[in-house]
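The values are calculated or read from the model by the stated rules, or taken from the named source; none is laboratory data. These numbers come from a predicted model, not from an experiment. Please note: Cβ atoms are built from the backbone with ideal geometry, for glycine as well, and neighbour counts cover all protein chains shown. Heads up: the accessible areas ignore ligands, DNA and RNA and are worked out on the full protein's heavy atoms, side chains in. Shrake-Rupley method; radii C 1.70, N 1.55, O 1.52, S 1.80 Å.
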Amino acid sequence: MSSQPKGMSRRDLLAMVGMAAGASAMYSAMAGMGYAGTSDYKGPVKLEGDPKGASVLVLGAGLAGMTAAYELRRAGYKVQILEYREKAGGRCWTLRSGDSYTELGGYTQKVGFAEGNYLNPGPWRIPSDHYAVLDYCKRFGVKLEPFMQVNYNAYVHNTEAFGGKPQRFKEIQADYRGQIAELLAKAVKQDKLDEAVTDEDAELLVASLKRYGVLNDDLEYVKSEKVSEHRGWEKQPGGGVGAEPVPSNIISLSDILKGKLWNNLITGESIDHQAAIFQPVGGMDMIAQAFEREVKDLITYNAKVIRYEGGENGVTATYVDAKAGGAEQTVSADYCICTIPFSVLGQIEHNFSAPMTAAIEDVYYESSIKVGLEFKRRFWEQDDHIYGGISYTNLPITLISYPSTNFFSDGPGVLLGTYSWGAAAYQFNAIAPEARIEKALEFGAQIHPQYRDEFSNGVAVAWHRVPWTLGCYGEWRDKEKHYPAATAMDQRTLMAGEHISFLPAWQEGAILSALNAIERLHKHIIG
Amino acid sequence: MKRHLAQAAVAAALSLAAPAFAQDFVTTSAAKTIPGTEGKDIYNAICSGCHMPDGTGATGAGHYPALAGNAMLEGPDYPIHMIIHGQKAMPPVGDVMTDDQIAAVVNYIRHDLGNAFEGETTAADVAAAR
Ligand SMILES: Cc1cc2nc3c(=O)[nH]c(=O)nc-3n(C[C@H](O)[C@H](O)[C@H](O)COP(=O)(O)OP(=O)(O)OC[C@H]3O[C@@H](n4cnc5c(N)ncnc54)[C@H](O)[C@@H]3O)c2cc1C
């Protein structure tokens, strides 16, 4: 930010404002969730040439493992998958009524949601530039619907601002933008920026700011009908007698700044949150189920891999029954694609090289918590006119996300009542599921007072308690140093999974890593 | 002007993360540290999530080791190092703890939680290891 100002354009300015807001938005809203990157997917993988009966063992039946297995079998390989859980999908997971989930420490939650309601405890949205995920959805017939990321009628909330009263996103958005535009337009008009803006640009800049900020002819952002068309009316327009609308008052820039309510205005603008963005109809695991239909016959379920050995003649994995333990069994193959999260793999006996071992041990998994709350009625729609989207708060729950589906339906609905990172997530992880739900209610009720009366039941997934990942997504302590070793073939294994990508914490990264690994494997085998 | 606005904005962004005071639960999603001053409370605000409240650990596909009755806790340097840097699947949880909190929790796991090792750890010991 210390560069010499050359000619300040509107874009520079917005980028600058965006950066400052983004710096903190990142922490509270999506801390560490990888990069905002576009996928480099090039279309369906083509593995040409006869693998001559070569066999591949795939460890883990998440999206990375199932992608590898599906494509390798199509290319003529003999494939087997070992999976710890009783079902496929890994983190691509949905909890519905009747499901039960036992976390580390032994708490079992039985999901009491009404029929059709669900929580996606892990992945929940698919950006439109995640081409590989979207392509598999299309090929496998997974129906997608819009995911509402930004809702102008949802709230932004800070306990320290406006007496703790939540504010409508659209009001803060319009007032913040309008008053910044006013400041800047006036500064340009008064020649205060003449070192930064040429005369020619200055005129255009002022014209653009007038439009951008909804300023009047005096370049002021003031209470008016025009402004109310953006921030909302004091009294809505109607029909017939006494129907004239009444413009609303503006919230001062100072109050917005002090209240930090600008913090989440641009969260929905990064390329991995921009509209259009999607979710599978009926829950994220519709994708897992679609893959599973293709490769189910290859999967051995409830198989906890406890040892891996690779060498000149092939690979052998040893596993035990995930629930009963008991006798060890082995599976052998010519090669292995390993998608077991490094957190778990690092605890398994193996004969990987020193550099690969160092890579595996470099990665830990982030803390994250999601709480799904079912309410007896959709009060956010019926009382507050919020249809999908996200309200943001500085409370430990971080946000409340409203369902992007089944609008206007009667009967119970499920909110995502907590989605947190960092210290807050660690603490949610440390308390029992009922206590997590209680905390989600306690905090959420500060935004929606209907919470207590309307609450029905909930489910809470704290990712460090998930028995088969030990966390949310892989975080490298030193990626630059270890990533090359992690992607090299080692003892006839290639690693794949979200952690072996530059789209970590996204399903796209998991699939791309698998496609890249099998292409390299195929080349190695075919020569 | 550009520089000015930028500095002000960055300062505002930095001040966003309100400190978590000594309460039994974090007060904000932007909390830099978990709450608590007593070793046991701190343990139950973070360590227990993985090592479990009684320190017996847990096992699934992966596992969390037991800290109760653990001979590795004989000296304080090892747990201090583990908390600050983590190791393998254990994250650097010291990132969300103050030196005082780390000292208090090291004393708690070494003196209590099924262990009876001697010696007091202080915040200064932790600071020296950071
Ligand atoms: C809270 C959260 C939010 C997310 N949000 C999004 C989102 O909105 N959009 C998005 O696209 N992505 C999102 N992601 C990321 C996405 O879930 C992952 O990137 C992706 O699902 C990882 O797939 P994978 O195949 O690499 O790993 P996994 O799905 O974890 O698969 C690994 C498999 O290995 C198995 N396994 C583990 N140990 C053993 C063993 N010893 N023996 C045998 N099998 C074993 C596991 O049971 C599991 O099935 C989110 C993740 C989380 C946790």
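When only DSSP loop residues count, what GluC sites (Glu not before Pro) in region A:43-98 have their Cβ near at most 12 other Cβ atoms within 10 Å?
Taking region A:43-98 and a limit of 12 other Cβ atoms within 10 Å, the loop GluC sites (Glu not before Pro) found are A:48, A:86.
With just the Cα atoms defining each centre, how far is region A:86-121 from region A:354-394? Give it in Å.
Here the two parts' Cα centres lie 15 Å apart.
Using amide H atoms built 1.01 Å from N in the peptide plane, name the residues 5+ places from residue A:155, or on other chains, whose amide H lies under 5 Å from its own.
Hits under the 5 Å cutoff: A:169, A:391, A:392.
Roughly how big is the B-A contact, given as buried accessible area in Å² (both sides, 1.4 Å probe, nearest 100)?
4000 Å²
Apply the Karplus parameterisation 6.51 cos²θ - 1.76 cosθ + 1.60, with θ equal to phi minus 60°, to every residue of region A:246-256 and state each ³J(HN,Hα) to the nearest whole Hz, in sequence, with x for glycine and proline.
Calculated HN-Hα couplings, in order: 10, x, 9, 6, 9, 8, 5, 4, 4, 5, 5 Hz.
With an 8 Å cut-off on Cα pairs and a minimum separation of 6 or more residues, tell me the relative contact order of chain A in percent.
22 percent
What's the magnitude of the charge dipole for region A:323-381 around its Cα centre, counting Lys and Arg as +1 and Asp and Glu as -1 at the beta-carbon? Answer in Debye, nearest 20. Provide the component values of the computation, followed by the final result.
Values: 5 positive and 8 negative charges, 122 e Å.
My answer is approximately 580 debye.
Ordering A:455, A:352 by how much accessible area each has at a 1.4 Å probe, largest first, what is the list?
A:455, A:352
Could you rank A:464, B:63, A:385 by how accessible they are, 1.4 Å probe, largest area first? Numbers along the way, then the final one.
Details: A:464 0, B:63 75, A:385 100 Å².
Greatest to least solvent exposure: A:385, B:63, A:464.
If you count only protein heavy atoms with a 1.4 Å probe, what accessible area per residue comes out for chain A, rounded to a whole Å²? Please report the intermediate quantities before stating the final value.
Values: 21570 Å² over 527 residues.
That works out to 41 Å² for each residue.
Where the centre of each part is set by its Cα atoms, how far does region A:202-264 sit from region A:441-480, in angstrom?
Cα centroid to Cα centroid, the span is 36 Å.
Would you grab the residues whose amide H sits under 5 Å from the one on residue A:350? Only those 5+ places off in sequence or on another chain, please, with H modelled 1.01 Å from N.
Under 5 Å from the amide H of residue A:350 lie the amide H atoms of A:308, each far enough along the sequence or on another chain.
Along region B:93-100, what does the Karplus equation 6.51 cos²θ - 1.76 cosθ + 1.60 (θ = phi - 60°) give for ³J(HN,Hα), rounded to whole Hz, x for Gly and Pro?
Once θ is set to phi - 60°, the couplings for region B:93-100 become 5, x, 4, 10, 9, 7, 4, 4 Hz.
Heads up, I need the accessible area for residue A:189: 1.4 angstrom probe, whole protein in place, Å², nearest 10.
130 Å²
Excluding residues fewer than 8 places away in the same chain, name every one of the aspartates and glutamates whose C-alpha is closer than 20 Å to that of residue A:258.
Result set, ordered by chain and number: A:160, A:171, A:175, A:182.
Amide H neighbours of residue A:79 under 5 Å, at least 5 residues apart or on other chains, H built in the peptide plane: list them.
A:56
Which of the lysines could a cross-linker span from residue A:110 if the Cα-Cα distance has to be under 21 Å and same-chain partners fewer than 8 positions apart are dropped?
Cα-Cα hits under 21 Å: A:87, A:323, A:370, A:376, A:439.
Roughly how many Å² of residue A:456 are accessible to a 1.4 Å probe, to the nearest 10?
60 Å²
Assuming a ≥ b ≥ c are the square roots of the Cα gyration tensor eigenvalues, decide whether the protein assembly as shown counts as rounded (a/c under 1.5), prolate (otherwise, with a/b larger than b/c) or oblate.
Prolate, since a/c reaches 1.5 and a/b exceeds b/c.
If ligands, DNA and RNA are left out, what is the accessible area of residue A:399 with a 1.4 Å probe, given in Å² to the nearest 10?
About 10 Å², ignoring ligands and nucleic acids.
Provide the per-residue ³J(HN,Hα) series for region A:402-414, in order, calculated from phi with Karplus coefficients 6.51, -1.76, 1.60 and θ = phi - 60°, each as a whole number of Hz, with x at glycine and proline positions.
Once rounded to whole Hz, the list reads 8, x, 8, 8, 6, 4, 6, 6, 7, x, x, x, 10.
Enumerate the lysines that residue A:210 could reach by cross-link, defined here as Cα to Cα under 17 Å, with residues fewer than 8 away along the same chain left out.
Straight-distance partners of residue A:210: A:186, A:189, A:223, A:226.
Be a star and scan region B:90-105 for residues whose amide nitrogen sits under 13 Å from the point 7 Å along the Cα-to-Cβ vector of residue B:117.
Label zone hits: B:105.
Which loop chymotrypsin sites (Phe, Trp or Tyr not before Pro) in region B:20-69, with loop taken from DSSP, have no more than 14 other Cβ atoms within 10 angstrom of their Cβ?
Passing both the DSSP loop test and the Cβ count: B:21.
Modelled label-to-label distance, residue A:453 and residue A:115, 7 Å Cα→beta-carbon offset: nm?
Inter-label distance under the simple model: 2.9 nm.
First select every other residue whose beta carbon is under 10 angstrom from the beta carbon of residue A:522; then total the charges, Lys and Arg +1, Asp and Glu -1.
0
Points 7 angstrom from Cα along the Cβ direction at residue A:246 and residue A:86: gap in nanometres?
It works out to 6.0 nm between the two label points.
Compare each residue of region B:65-89 in its chain alone against the assembly with all protein chains, and report those whose accessible area goes down by 10 Å² or more; 1.4 Å probe, heavy atoms.
Listed in order, they are B:85, B:88, B:89.
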